[in-house]
Amino acid sequence: MIDPRIFYDMIQSKGSDFYVGVPDSLLANFCSFLDTKGKEHHLIAANEGNAIAIAMGYYMSTNKVAAVYMQNSGLGNSINPLVSLTDPLVYKIPMLLIIGWRGEPGYKDEPQHQKQGGITIKQLEILDIPYWILDEKTDVENIIDEVFLKIENRGAPVAIIVRKNTFKKTIEQSYPKNHSQILREEAIDVILNLTNENDLIIATTGKTSREIFEIRKKANIEQRDFLTVGGMGHASSIALGLSIGMPDRRVICFDGDGSIIMHMGSMPVISKYKPKKFIHILLNNGTHESVGGQPTCADIISFRNFAHSVGYLKYVLVDNLENLESAWSLINKNLQGPVMLEIKIKNGSRDDLGRPTNTAEENKNLFMKNII
């Protein structure tokens, strides 16, 4: 496996010393190393398109090539700025894309990664972005020489696609400190026990969906939750669509801080429609926990102020389990949505946490069958 320090040093030797992106589990060991470099060398973006634009601004102010890292699912968020800003036919901005190859054909992966993994190379070819594949056996020095020669000659983005198990673990990831003692699964369990069979439940991607599936399975109850296993940042918009289609049903959206930050524009849209029975639950641990624990920028955001500023009608904060049930009662007394319940949680999950055993399509079909 490749030592992240060697990879970093090789890129730095070419004059590139600034990284921006969205964490990916395949790049977790490399991202943990980047965390030691300080904010002048490493910035975690809201989404991948945001990262491309930041890299563009950095290049124009320094004449240095920035590196943008992402999971291949993030290519969707980055296509517009790659085509309409950095492309050789527009502003022609050089940058290095470092892309984790989830769902690579021939390797077992989660259902939301299979399609993306199969089309990753095709996407780069359509975008006319040259690429190299990096794995644990790659000659790093040789590939970096080739990559930066192409950047110099092309003056536009090129990509390195990173296979699973490429980077070795050299640094233990440290989670941002918070004072909460609530585990996410504990909070979810309490709330699910307070819901009723008419409620529509939407869960964001990552461990939130996995824990809801496990809780439901253990309780042996009929599925009335939709698990948004892909499409990070879009669970609340799916929930809004449900509210529009079923305005008399209570809609409960379990969201995460990284997910909300990725597409914060959804909250003003939710507020503008004013779904009366919409409860937006923010499970906030300040990290991208499902992909390695890198920090989000949630620590500098007042979600209370933001929710009120965009028009949410009520906001409640909870940081201990003892107050969660009373907070839920307060929210639902004469419920007028949209409302936000922010629950401060600590990092961590069970070592034996499973994954949904049905397919994504089965998840959708069972949800629709049981709610209509």
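The values are calculated or read from the model by the stated rules, or taken from the named source; none is laboratory data. From a predicted model like this one, the values you see are computed outputs, not experimental measurements. Heads up, the Cβs are rebuilt from the backbone with ideal geometry, glycines too, and the neighbour counts pull from every protein chain shown. Just so you know, the surface numbers come from the protein's heavy atoms only, side chains and all, with ligands and any DNA or RNA stripped out. Shrake-Rupley method; radii C 1.70, N 1.55, O 1.52, S 1.80 Å.
Kindly flag which residue pairs out of Lys217/Lys364; Lys108/Lys164; Lys207/Lys333 have an alpha-carbon separation exceeding 18 Å in this structure. Provide the component values of the computation, followed by the final result.
Details: Lys217/Lys364 16 Å; Lys108/Lys164 11 Å; Lys207/Lys333 30 Å.
Too far apart for the 18 Å limit: Lys207/Lys333.
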### Task
Determine the shape class of the stretch 107-146: with a ≥ b ≥ c the square roots of the Cα gyration tensor eigenvalues, call it rounded for a/c under 1.5, and otherwise prolate if a/b is greater than b/c, oblate otherwise.
oblate
### Task
Give me the accessible area of Val318, 1.4 Å probe, in Å² rounded to the nearest 10.
0
### Query
What angle, in degrees between 0 and 90 and rounded to the nearest 10, separates the Cα long axis of helix 140-154 from the longest principal axis of the Cα atoms of the chain?
90
### Message
Students often check this: by mean Cβ neighbours within 10 Å, which of 73-79, 14-20 ranks highest, and how do the rest follow?
### Response
73-79, 14-20
### Task
Read phi for every residue in the stretch 95-112 and hand back ³J(HN,Hα) as whole Hz from Karplus 6.51 cos²θ - 1.76 cosθ + 1.60, θ = phi - 60°, with x for Gly and Pro.
6, 9, 9, 10, 10, x, 8, 6, x, 4, x, x, 10, 5, 8, 5, x, 5
### Message
Let me check the size of the chain from its C-alpha atoms; what are the radius of gyration and Dmax in Å?
### Response
21.4, 65
## Note on the structure
Of all DSSP beta bridges with both partners in the stretch 218-372, the antiparallel percent, nearest 5, is 10
### Query
Counting other Cβ atoms within 10 Å of each Cβ, which trypsin sites (Lys or Arg not before Pro) in the stretch 254-351 have at most 12 and sit in a DSSP loop?
Lys333, Arg350
### Task
Give me the angle, in degrees from 0 to 90, between the Cα long axis of helix 360-371 and the longest principal axis of the Cα atoms of the chain, rounded to the nearest 10.
20
### Query
On full extension of the chain, what length is gained from Ile79 through Leu149, given 0.36 nm per residue of separation minus the C-alpha to C-alpha distance?
22.8 nm
### Summary
A correct Stokes-Einstein calculation for the stretch 264-354, using the alpha-carbon Kirkwood radius, 10 °C and 1.306 mPa s, returns a whole-number D in µm² s⁻¹ of 111
### Query
Reported to two decimal places, what Rg/Rh ratio describes the stretch 241-290 when computed on Cα atoms with Rh from the Kirkwood expression?
1.01
### DSSP-defined antiparallel bridges as percent of all bridges, the chain, nearest 5
5
### Query
Rounded if a/c is under 1.5, else prolate if a/b is larger than b/c, else oblate: which is the stretch 165-316, with a ≥ b ≥ c the root eigenvalues of its Cα gyration tensor?
oblate
### Task
Just flag the trypsin sites (Lys or Arg not before Pro) in the stretch 159-221 sitting in loop per DSSP whose Cβ has no more than 11 other Cβ atoms within 10 Å.
Lys177
### Stretch in the chain that is longest and holds no GluC sites (Glu not before Pro) that DSSP places in a loop and that have at most 15 other beta carbons within 10 Å
223-372
### Summed side-chain charge close to Val316 - residues other than Val316 whose Cβ falls under 10 Å, Lys, Arg +1, Asp, Glu -1
+1
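Beyond a 32 Å Cα-Cα separation, which of these cross-linked pairs lie in this structure: Lys276/Lys369; Lys115/Lys150; Lys272/Lys344; Lys115/Lys272?
Pairs exceeding 32 Å: Lys115/Lys272.
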### Query
Under 5 Å between amide H atoms, partner at least 5 residues away or on a different chain: which partners does Ala159 have, H built in plane at 1.01 Å?
Leu97, Tyr131, Trp132
### Task
Could you look at the chain and say what percent of its accessible area is carbon and sulfur, using a 1.4 Å probe and all protein chains?
51
### Task
State whether the stretch 15-166 is rounded, prolate or oblate according to the following rule on the C-alpha gyration tensor (a ≥ b ≥ c being the square roots of its eigenvalues): a/c under 1.5 gives rounded; otherwise a/b larger than b/c gives prolate, and the remaining case gives oblate.
rounded
### Task
Rank Ile238, Ser290, Ser209 by how far each Cα sits towards the positive end of the charge dipole of the stretch 206-333 (+1 on Lys, Arg Cβ; -1 on Asp, Glu Cβ) and give me just the farthest.
Ile238
### Task
Before rounding to the nearest 500, sum -39500 (n - 2.57) across all DSSP H runs of length at least 4 in the chain and divide by the residue total; then give [θ] at 222 nm in deg cm²/dmol.
-12000 deg cm²/dmol
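Might you tell me the accessible area per residue for the chain, computed with a 1.4 Å probe and given in Å²?
Values: 17050 Å² over 372 residues.
Each residue of the chain exposes 46 Å² on average to a 1.4 Å probe.
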